[in-house]
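Reviewing the structure listed below.
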Amino acid sequence: MDPLHTQHGMPESEAAAEARRLIDDWASKPVRHHPTSFRDNTEPPAFGTTPPVKQEDHRIVPAWAAGIAVASIGVGAGITGIGSGAWLVLQGLASVTLTAVLMVTLPFAGLAMAATAIGGAISKARSAATKNIYEGPVTHHTKIHNNSTRRGAAFARTRNEIR
């Protein structure tokens, strides 16, 4: 059922006349404007019954309040810096791979290897190159004393003294 094309008991010409009457009735009324602001343009009096009173300005901040404000700003900035640094470190640690660890430690390993090679070369250069040649008879005297004692059935004790 289409409401735009069905007859509701009023012929089309009467419906058009009623619509025209409603529109004209609405258009004949004045448009109501609601003010959103108000400005009073009347001049204030030059003098009144009460004399003016000087209003002292006591907005000087005490030293302790200024110190606390500066300290809180410093602490906030410091904590922000520490937090940012921790976040960066943890982000870096979260993405650690074996290749990255090897690339970071490679320069240190190279320096350690170079230092070891230089130290070995210096040690070789400083060692004495003299040869001691002994001429003459060399005698070697060895005496072996074998003391064997047996106590018990399974354990034996042997003491060898070489002089």
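The values are calculated or read from the model by the stated rules, or taken from the named source; none is laboratory data. Worth saying up front: this structure is predicted, and the values here are computed from it rather than measured. We place every Cβ from the backbone using ideal geometry, glycine too, and count neighbours over all the protein chains shown.
Quick notes
- In this structure, residue 138 does not satisfy being part of a loop (DSSP other than H, G, I, E, B), surrounded by 10 or more Cβ atoms within 10 Å (Cβ to Cβ) and modelled with pLDDT under 85.
- Answer from 68, 133 - the residue that is surrounded by 10 or more Cβ atoms within 10 Å (Cβ to Cβ), among the hydrophobic types (A, V, I, L, M, F, W, C) and either out of contact with any His (no Cβ under 9 Å at 6 or more places or on another chain) or not in a helix (DSSP H, G or I) (or both): 68
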